[in-house]
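The values are calculated or read from the model by the stated rules, or taken from the named source; none is laboratory data. Quick caveat, the model's predicted, so the values are computed rather than measured. Note: ideal-geometry Cβ built from the backbone for every residue, glycine included; neighbour counts use all protein chains shown.
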Amino acid sequence: MRIRSAFGPAVTAAALVGAALVSVAVADDDETLPPPREEYKGRRIAQTMHWTGAEWLLRETREDEENPAKLLAWLDLEPGQTVCDLGCGNGYHALRIAKIVGPKGRVIGVDIQKEMLTLLAERAKAAGVDNVEPVLGGVADPNLEAGSCDVILMVDVYHELSYPERILKRIREALEPRGRLVLVEFRAEDPEVPIKKLHKMSKAQILKELVPNGFRLDGELDDLPWQHAMAFVRDDAPAD
């Protein structure tokens, strides 16, 4: 097992800025993996949120701070699609997406902490949602089938990846030819966003990391309260 630090529970954005660090035990995908990265392309990699802080993901203020309805409308999801919520936590977005894609669609909720997946399953059962599939991912492999996803959504997750190149390679393989990878990150460009610096990313940094790993920018959403969203397709995706 590898022990990694993470910030623990917090109830407000201000509290998050100074949140205490706790430990996350993450099983290695492969004993031959090199040590996890501490930085990538000039950016320090943030620590993973521990599952004991999962209640913070459901805070009442999140609606105002992130406007998930606007984000999901922008994604323009369709019934019958397969969407992966990568780094799904306890399912804040996954359960909403499940209702959009409908009974013929599928939501794959991937997390590296099995406790998060247990919380996801409990919330799905309580909500009567049966088209969400919890998947235990690894630190270097999300365990997604090749060509299986129409959309892979990562909300406030990418900046925590300790093996970004390996994960992006697997994501690229998991997308169907016209599939989209959507990164949602707190805006590093905005000092008024009250989130710790390591848990923010600029659009320039995202492009610096995604483009060399086989992706091209396909769309942007800039008017969320605290975040920006960037949609990517594979660099070999057919042009519309």
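Considering only segment 217-236, state which residues are under 16 Å from Arg170 (Cα atoms) and surrounded by 14 or more Cβ atoms within 10 Å (Cβ to Cβ).
Once the filter is applied, which keeps residues that are under 16 Å from Arg170 (Cα atoms) and surrounded by 14 or more Cβ atoms within 10 Å (Cβ to Cβ), segment 217-236 yields Phe232, Val233, Arg234.
Where residues in segment 58-87 are free of Cβ contacts under 8 Å to residues at least 40 places away in the same chain and within 17 Å of the chain's Cα centre (by Cα), which of them is surrounded by the fewest Cβ atoms within 10 Å (Cβ to Cβ)?
Filtering first and then ranking leaves Ala69.
The conditions are (1) at pLDDT 95 or above; (2) under 17 Å from His159 (Cα atoms); (3) buried (at least 20 other Cβ atoms within 10 Å of the Cβ), and Arg44 fails exactly one of them. Which is it?
(3)
It is to be established whether one or more residues within segment 119-131 are in contact (Cβ under 8 Å) with a residue 12 or more places away in the chain, touching a Cys at 6+ places or on another chain (Cβ under 7 Å) and either farther than 23 Å from Glu176 by Cβ or surrounded by fewer than 20 Cβ atoms within 10 Å (Cβ to Cβ) (or both).
yes
Suppose we filter segment 185-198 for residues that are closer than 28 Å to Pro34 by Cβ and either within 17 Å of the chain's Cα centre (by Cα) or in a loop (DSSP other than H, G, I, E, B) (or both); how many remain?
Going through segment 185-198 one residue at a time, the tally reaches 4.
Out of all the residues in segment 36-61, which are more than 26 Å from Val139 (Cβ to Cβ) and charged (D, E, K, R)?
Matches in segment 36-61: Arg59, Glu60.
Quick one: Asp190 ticks every box in (1) surrounded by fewer than 20 Cβ atoms within 10 Å (Cβ to Cβ); (2) in contact with a helix residue (DSSP H, G or I) (Cβ under 6 Å, 6 or more places away or on another chain) except a single one, so which number is it?
All conditions pass for Asp190, except number (2).
What number of residues within segment 165-184 satisfy the criterion of being within 14 Å of the chain's Cα centre (by Cα), buried (at least 21 other Cβ atoms within 10 Å of the Cβ) and in contact (Cβ under 8 Å) with a residue 40 or more places away in the chain?
Residues meeting the conditions: 6.
Go through segment 75-178 and tell me which strands (runs of 3 or more DSSP E), entirely inside it, have 2 or more residues that are out of contact with any Phe, Trp or Tyr (no Cβ under 6 Å at 6 or more places or on another chain), closer than 29 Å to Pro225 by Cα and not hydrophobic (A, V, I, L, M, F, W, C).
82-86, 106-111
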